[in-house]
Amino acid sequence: MGVDKLGNVNNFGNGAVKYQVQTVQISKDLTVDSLVQNGCDIFHLGVNIDDGEDKLTNPEISDYAMEQLKAWAKMSASHVILSSQNYILKFGDYGPATEGNTNPMTSTPLGRALDTNGPFGPAHSFNQGGSWQGTLSTLDEDACVLVREATGKPIMVMDREYGSVFVSDCGILTDYGGMTSGSALSSVNDIMFANLYAFLIGIVCYGPPETCDFETDPFTICVED
């Protein structure tokens, strides 16, 4: 995905710019200090094209860098990671991402800010594309499911320990899943992507919910005073 899409996350539906989203490229030899010095609030962990399926044979960052990233996430409830594929195995008692998604995908009550109640509008029944189409298997006890596929398998979770969001397949956030190029929100997946970043900004503002129960501990989209 490009910086232009991230730039469009500034526009919260009514034309008013609420938050200035700035992107910075971080070396794969990242450290806690480099993340702090760059003022990072959200770290989007990319996936090498060779690791696009269920294996991570050549991960983009080293084990040391991964430990640094985890330490950065845990040092503040306002430090958020967005990652996909089998990087989830590095963050708790998770099983591997596996093949077998059935479209369309829909949110749980906690994830409604992504597809039905998001600030960028509804993104009903968005799809996952590509030939593999991953799903999540065993989940850590701190995982709250945000999105499921049509047969009920989890696709996207929020981890309360790390205050971060893990996605089964990076293709959901690429043109494989239906995202478009350019700055406009032209497709359902474009809108979901923008709503997702608004959700991540909400975690930066307030930290993750204490429980997975939306009704007793509602998650709030970050609103500028």
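Looking at Asn127, Asn189, which is the one that is buried (at least 23 other Cβ atoms within 10 Å of the Cβ), among the polar types (S, T, N, Q) and out of contact with any Lys or Arg (no Cβ under 8 Å at 6 or more places or on another chain)? Let's see the steps before the verdict.
Numbers: Asn127 fails: buried (at least 23 other Cβ atoms within 10 Å of the Cβ).
Criteria check complete, one pass: Asn189.
Which of the residues spanning region 143-155 are touching a strand residue (DSSP E or B) at 6+ places or on another chain (Cβ under 6 Å) and either of a type in the set (A, V, I, L, M) or surrounded by fewer than 18 Cβ atoms within 10 Å (Cβ to Cβ) (or both)?
Answer for region 143-155, where residues must be touching a strand residue (DSSP E or B) at 6+ places or on another chain (Cβ under 6 Å) and either of a type in the set (A, V, I, L, M) or surrounded by fewer than 18 Cβ atoms within 10 Å (Cβ to Cβ) (or both): Ala143, Val145, Leu146, Val147, Ile155.
Just the residues that are in contact with a helix residue (DSSP H, G or I) (Cβ under 7 Å, 6 or more places away or on another chain) and free of Cβ contacts under 8 Å to residues at least 24 places away in the same chain, please, taken from region 176-212.
Thr180, the sole residue that qualifies.
Exactly one of these conditions fails for Ser187: (1) under 12 Å from Asn127 (Cβ atoms); (2) in contact with a Cys (Cβ under 9 Å, 6 or more places away or on another chain). Give me its number.
In the conditions (1) under 12 Å from Asn127 (Cβ atoms); (2) in contact with a Cys (Cβ under 9 Å, 6 or more places away or on another chain), Ser187 misses (2) alone.
Given the conditions (1) closer than 20 Å to Tyr206 by Cα; (2) surrounded by 19 or more Cβ atoms within 10 Å (Cβ to Cβ); (3) modelled with pLDDT under 90, which single one is not true for Val17?
(2)
What residue, of Leu35, Leu30, is part of a loop (DSSP other than H, G, I, E, B), modelled with pLDDT of 90 or more and buried (at least 16 other Cβ atoms within 10 Å of the Cβ)? Spell out how you get there, then give the answer.
Working: Leu35 fails: part of a loop (DSSP other than H, G, I, E, B).
Exactly one of Leu35, Leu30 is part of a loop (DSSP other than H, G, I, E, B), modelled with pLDDT of 90 or more and buried (at least 16 other Cβ atoms within 10 Å of the Cβ), namely Leu30.
Taking the condition more than 19 Å from Val47 (Cα to Cα) and either at pLDDT 90 or above or buried (at least 21 other Cβ atoms within 10 Å of the Cβ) (or both), does Val204 pass? Outline the logic, then answer.
On the way: more than 19 Å from Val47 (Cα to Cα): yes; either at pLDDT 90 or above or buried (at least 21 other Cβ atoms within 10 Å of the Cβ) (or both): yes.
Judged against the criteria, Val204 is a match.
Could you grab me the full set of residues in region 110-122 that are touching a helix residue (DSSP H, G or I) at 6+ places or on another chain (Cβ under 7 Å), part of a loop (DSSP other than H, G, I, E, B) and on the phi < 0 side of the Ramachandran plot?
Gly118, Pro119, Phe120, Pro122
Looking at (1) under 18 Å from Met156 (Cβ atoms); (2) of a type outside the set (Val, Ile, Thr); (3) modelled with pLDDT under 85, which is the one condition that is false for Ala198?
Only one criterion is unmet by Ala198, namely (3).
Could you count how many residues in region 73-109 are surrounded by fewer than 16 Cβ atoms within 10 Å (Cβ to Cβ) and among the aliphatic types (A, V, I, L, M)?
2
The values are calculated or read from the model by the stated rules, or taken from the named source; none is laboratory data. Only a predicted model underlies this, so the values are computations on that prediction, with no experimental measurement involved. Counting neighbours? That spans all protein chains shown, and the Cβs are built from the backbone with ideal geometry, glycine included.
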